[in-house]
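The values are calculated or read from the model by the stated rules, or taken from the named source; none is laboratory data. Quick caveat, the model's predicted, so the values are computed rather than measured. Here the Cβ positions follow ideal geometry from the backbone for every residue, glycine too, while neighbour counts run over all protein chains shown. Protein only, heavy atoms only, side chains kept; ligands, DNA and RNA dropped before computing areas. Shrake-Rupley method; radii C 1.70, N 1.55, O 1.52, S 1.80 Å.
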Amino acid sequence: MTSSIDGLVSGLSTSSLISQLMQVESASQTKLKSKVTAQQKVQSSYQSVNARLAGLKAAADAMFADATWTGSKATSSSAAVTAVGTTGAPTATLSLDVVNLARAQVRTATFASPTSPVLTSDGNVPPITGVSIKIGTGDPVDITVAADKNTPQGLADAINARKLDVRAAVVTTDQGTVLQLTSTKTGTAAAFDFVGVARATSTFATASTPAVADMAAGVDITIGSNPPVNVAVGTDTPQGVADAINAAGIGVTAKVTAVNGQAKLEVFHSQAGAAETIDVAGLTVGPTVTRTGFAGTTNVAVTAQDAKISVGSGAGAYTVTSGSNSFTGVMQGVTLSVSKVESGITITSSPDTDTIANKMQAFVDAANAALTEISAQTAYNSTAKVKQPLTGNFGIRQITQNILSQVGNGQTGYGSFSQLGVQLDKSGRLAFNRETFLKAYAADPAAVKNAVTAKDPLIDNKVDAQGKPVPKTEVTGVMGLAEKLSIITNNATNSVTASIKGGESIITNLNKQIDAWDLRLERREAALRKQFSNLEVSLGKLNQQSTWLAGQIGSLPKIENGS
């Protein structure tokens, strides 16, 4: 209730009285809310510790990755070659010469004006409706050019719209309008040119639909004015026809592609310049014929070229080519990128010990971050007598002891971890000496790796009654530093997570009690307001009676002395 009932009769501030009484009544609920606030601080501290433990486990587990220990670095004696080492590259040296750089082919065709036609017009049927580009050893790609776009720019737009590995542009030059075609890829395998293609296409309902009208007669193919060539077909399907044509060796290519469940049979003949005519007779579905032909003549402006490097001299020398300026496989685990023709370049590869040291530093940093967080969350300021949410929490403080003791214990058979640069400092933190680590690793890589990553087979191979692997919770002396801390942090994380869940349950129960108090207090306030309201009414009636009595008494006759 929010209405005021301040005493109109009594003169008392009844709202203030009720408020003070409700503060007394709600003392128990206030204590519950304080408990919720305190528990939420504990939850937040637990979560902060858990986050640091997760970071430590991730850093420890990263030490087990093959890439951590098998990485390599490669260097080049010249800026003309960039060398990048990958996983597993052995220590090696290679001397080479860069003979060629890869180039992309450029072709041009010159026209008298921007409106000059680009399609051949030979009067044959069907007419030519586009051009075909053959890239490398691939099949020609037909590009349709609309009749009103039969210009250099129209052709350039049509080529670019197909998004091939060839781009076209029209340039106005002193020699006229030039159509410039440029390969998007370097190397001889990406060389291209226009060809004329006569293509006969028949679409069948399915891949198994009969394709030959008369199997005994076969299929007749006619190119230009040449006499028809008969092809015997062994299997009456679109693919059977394609196989028979390709096997006949008559200069015609056939292929079948699936389009929306249908089988599209294409039979085509290509040649330089404009296409011949083509006719395929004897199919159950008559073909649609299209022809392409470029009206101009293209010239090579830039010849496609492969990159080439040469290794060694004399009878044992060899060369390697690449369609790009990148080479793989010349040195195991090393990729070479060339940018300049140059001789006498030396490439070296070696293990990337810097990356290993960086991982170790990150591992130690993560451990220190976890130790620092635990210290902060369990601290007690004796001077100010201020404690943190987890002060006195034995389980959390024990995590610190577990980490420090395992670092101090070293590894059975290897000894102190200080030999690889990891030791405890005076502040109860881990210190990492990079130089010590690199020297130890250079002297005995296998021993250092084992001291960091070794596992205990007896622990790894434990199974339960059902034969399932048992989670690792025990730390032993033969384990490496990363394995020890990985298990410790996993155990700690499970414990802290359980505490967080327990805390969530406590907060939920406290909030339920607080909600129950809300209802109880609401009812109590309503009762107090009613009580004080009734008091005002009673006082009002008493006042009325008092006034009436006073009036009655005042109306009585006065008795004079001596009357």
Checking Thr172 against (1) assigned to a strand (DSSP E or B); (2) out of contact with any helix residue (DSSP H, G or I) (no Cβ under 6 Å at 6 or more places or on another chain); (3) crowded, with 17+ Cβ neighbours inside 10 Å, the condition it does not meet: (3)
Some residue of the range 122-142 being in a loop (DSSP other than H, G, I, E, B), more than 23 Å from Ala254 (Cα to Cα), open to solvent by 20 Å² or more (accessible area, probe 1.4 Å) and touching a residue at least 60 places away in the same chain (Cβ under 8 Å): yes
Close pairs from the range 263-290: first under 11 Å from Ala211 (Cβ atoms) and assigned to a loop (DSSP other than H, G, I, E, B), partner among the polar types (S, T, N, Q) and open to solvent by 50 Å² or more (accessible area, probe 1.4 Å), Cβ under 9 Å, at least 6 apart: Gly282/Asn230; Val285/Thr203
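Listed here are the residues, each with its yes/no results for (1) loosely packed, with under 14 Cβ neighbours inside 10 Å; (2) within 18 Å of Pro287 (Cα to Cα); (3) in contact with a His (Cβ under 7 Å, 6 or more places away or on another chain); (4) modelled with pLDDT of 95 or more.
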residue	(1), (2), (3), (4)
Leu181	no, no, no, yes
Thr184	yes, no, no, yes
Thr188	no, no, no, yes
Phe192	no, no, no, yes
Val195	no, no, no, yes
Thr201	no, yes, no, yes
Asp220	no, yes, no, yes
Gly224	yes, yes, no, no
Output for the range 232-242, where each listed residue is closer than 20 Å to Thr222 by Cβ and open to solvent by 70 Å² or more (accessible area, probe 1.4 Å): Ala232
Residue in the range 336-345 that is at positive phi, touching a strand residue (DSSP E or B) at 6+ places or on another chain (Cβ under 6 Å) and exposed (fewer than 15 other Cβ atoms within 10 Å of the Cβ) present: no
Residues (modelled with pLDDT of 95 or more and surrounded by fewer than 17 Cβ atoms within 10 Å (Cβ to Cβ)) located in the range 448-464: Asn450
Exclusive hit being loosely packed, with under 12 Cβ neighbours inside 10 Å and either at pLDDT below 95 or assigned to a helix (DSSP H, G or I) (or both), set Gly503, Gly467: Gly467
In the range 366-382, the residues that are more than 15 Å from Leu404 (Cβ to Cβ) and outside any helix (DSSP H, G or I): Ala379, Tyr380, Asn381, Ser382
Breaking point among (1) buried (at least 20 other Cβ atoms within 10 Å of the Cβ); (2) touching a helix residue (DSSP H, G or I) at 6+ places or on another chain (Cβ under 9 Å), for Pro152: (2)
Among the residues listed as Ala242, Ala263, the single one being in contact with a Phe, Trp or Tyr (Cβ under 6 Å, 6 or more places away or on another chain) and at negative phi: Ala263
Unmet requirement for Thr110, which otherwise passes all of (1) open to solvent by less than 20 Å² (accessible area, probe 1.4 Å); (2) modelled with pLDDT of 95 or more; (3) of a type in the set (Val, Ile, Thr): (1)
Exclusive hit being surrounded by 20 or more Cβ atoms within 10 Å (Cβ to Cβ), under 26 Å from Thr493 (Cβ atoms), in contact with a Ser or Thr (Cβ under 7 Å, 6 or more places away or on another chain) and not polar (S, T, N, Q), set Ala60, Ala54: Ala60
Those residues of the range 303-315 which are closer than 22 Å to Ala190 by Cα and either touching a His at 6+ places or on another chain (Cβ under 9 Å) or open to solvent by less than 50 Å² (accessible area, probe 1.4 Å) (or both), in sequence order: Ala304, Gln305, Asp306, Ala307, Ile309
Among the residues listed as Ile399, Ile374, Ile356, the single one being among the β-branched types (Val, Ile, Thr), open to solvent by less than 30 Å² (accessible area, probe 1.4 Å), more than 13 Å from Val452 (Cα to Cα) and touching a Lys or Arg at 6+ places or on another chain (Cβ under 9 Å): Ile374
Val42 vs. criteria under 20 Å from Leu521 (Cβ atoms), β-branched (Val, Ile, Thr), surrounded by 14 or more Cβ atoms within 10 Å (Cβ to Cβ) and modelled with pLDDT of 80 or more: no
Condition broken by Gly477, with the remaining ones in (1) in contact (Cβ under 8 Å) with a residue 60 or more places away in the chain; (2) assigned to a helix (DSSP H, G or I); (3) not aromatic (Phe, Trp, Tyr) satisfied: (2)
